[in-house]
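Written below as structure tokens is the structure these notes are about.
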Amino acid sequence: MSSPSTSASPAAPPAGEPPLTARQAERRRRILRAATALAARGGYEAVQMREVAESAQVALGTLYRYFPSKVHLLVAVMLEQLQGLQEHIRRHPPTDDEPALRVADTLTRAFHALQREPLLAEAMVRALSFADRSVGAEVDQVSSATGQLILDAIGQSGPPSESQRAAVRVIEHTWHSALVSWLSGRSSIAEVRADLHTAARLLTLP
């Protein structure tokens with residue numbers, strides 16, 4: 001999933017935190033790049049904070065000021081990946097006539113992006129699974145980015161209705177569950193595609 005995000009800005013800090021200076025933003029970008037590379041090579045266990053700091057050329061204490069734990073760090077990596085994918089989809093939007101088909105196409109493309117780097121996907125999903133309340137703001141950002149992917153695919157000009165918001169939440173949960181099931185070997189790629197298309201059809205319900 002890393003390839004679409006190479007030109008994306010680094011994921012912003014959680015809401016409520018002061019904006020980063022240009023130097024801090026560059027340091028944060030290096031940290032995220034280092035963590036992404038380690039995860040892509042070896043999965044969750046390969047992301048060791050000391051190695052991330054060395055690869056990013058920052059002090060270990062500095063790394064912990066940006067990301068208090070490996071879970072915080074990998075959730076931020078997932079947010080950056082989603083933001084990069086969002087930019088890619090906006091440049092190359094789905095072309096189906098029906099909103100449900102556009103949503104299914106968008107989420108299938110997101111899944112295929114993750115499929116290309118399964119160890120990175122495994123690391124990010126494990127981090128989300130391990131996240132506790134201390135990572136709540138970062139997890140909310142990931143959820144918001146996933147929901148925005150779906151809303152962008154719907155493509156309507158006005159705000160979504162309450163029923164659409166409910167459908168988006170269910171579709172988002174389905175996408176995450178399908179990803180976990182595929183990573184654990186319980187679902188095939190064809191089953192993931194079928195589940196995403198089934199969930200997307202919720203948008204056509206009254």
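Of all residues in the stretch 183-196, which are free of Cβ contacts under 8 Å to residues at least 60 places away in the same chain, surrounded by 13 or more Cβ atoms within 10 Å (Cβ to Cβ) and part of a helix (DSSP H, G or I)? Quick ask: steps written out before the conclusion?
Of all residues in the stretch 183-196, those free of Cβ contacts under 8 Å to residues at least 60 places away in the same chain come to 184-188, 190-191, 194-195.
The next check asks that each one be surrounded by 13 or more Cβ atoms within 10 Å (Cβ to Cβ); those that pass are 187, 191, 194-195.
Scanning the stretch 183-196 gives GLU191, ALA194, ASP195.
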* Asked: Within the stretch 86-137, can you find the residues that are touching a residue at least 60 places away in the same chain (Cβ under 8 Å) and among the hydroxyl-bearing types (Ser, Thr, Tyr)?
  -> THR108, SER134
* **Top-ranked residue of the stretch 162-180 - restricted to ones that are farther than 16 Å from LEU107 by Cβ and open to solvent by 50 Å² or more (accessible area, probe 1.4 Å), ranked as nearest to the chain's Cα centre (by Cα)** => ARG165
* Asked: Do the conditions hold for LEU202, that is, is it open to solvent by less than 50 Å² (accessible area, probe 1.4 Å) and assigned to a helix (DSSP H, G or I)?
  -> no
* For the stretch 7-23, does any single residue satisfy the condition of being part of a helix (DSSP H, G or I) and either modelled with pLDDT of 95 or more or open to solvent by 30 Å² or more (accessible area, probe 1.4 Å) (or both)? -> yes
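Residues checked against (1) open to solvent by less than 20 Å² (accessible area, probe 1.4 Å); (2) polar (S, T, N, Q); (3) at pLDDT below 90:
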site: MET78; (1), (2), (3): yes, no, no
site: ALA100; (1), (2), (3): yes, no, no
site: LEU128; (1), (2), (3): no, no, no
site: PRO159; (1), (2), (3): no, no, yes
* Structure fact -> Exactly one of ALA39, ALA56 is surrounded by 19 or more Cβ atoms within 10 Å (Cβ to Cβ), more than 18 Å from the chain's Cα centre (by Cα) and at pLDDT 95 or above, and that one is ALA56
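Suppose the filter is over 17 Å from LEU202 (Cβ atoms), β-branched (Val, Ile, Thr) and either open to solvent by less than 10 Å² (accessible area, probe 1.4 Å) or not in a helix (DSSP H, G or I) (or both); does THR95 pass it?
Answer is yes for this residue.
What about PRO68, is it open to solvent by 10 Å² or more (accessible area, probe 1.4 Å) and modelled with pLDDT of 95 or more? Even if it seems obvious, please write down each step before you answer.
Numbers: open to solvent by 10 Å² or more (accessible area, probe 1.4 Å): yes; modelled with pLDDT of 95 or more: yes.
The answer is yes for PRO68.
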* Structure fact -> All conditions in (1) surrounded by 14 or more Cβ atoms within 10 Å (Cβ to Cβ); (2) at pLDDT below 90; (3) under 20 Å from ALA39 (Cβ atoms) are true of HIS112 except (1)
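So, THR62, is that one modelled with pLDDT of 95 or more, assigned to a helix (DSSP H, G or I), over 26 Å from LEU149 (Cβ atoms) and β-branched (Val, Ile, Thr) or not?
Working: modelled with pLDDT of 95 or more: yes; assigned to a helix (DSSP H, G or I): yes; over 26 Å from LEU149 (Cβ atoms): yes; β-branched (Val, Ile, Thr): yes.
Judged against the criteria, THR62 is a match.
The values are calculated or read from the model by the stated rules, or taken from the named source; none is laboratory data. Here the structure is a predicted model, which means the values were calculated and not measured. With ideal geometry, Cβ positions are generated from the backbone for all residues, glycine too; neighbour counts draw on all protein chains shown. We work out accessible area using only protein heavy atoms, side chains counted, and drop any ligands, DNA or RNA first. Shrake-Rupley method; radii C 1.70, N 1.55, O 1.52, S 1.80 Å.
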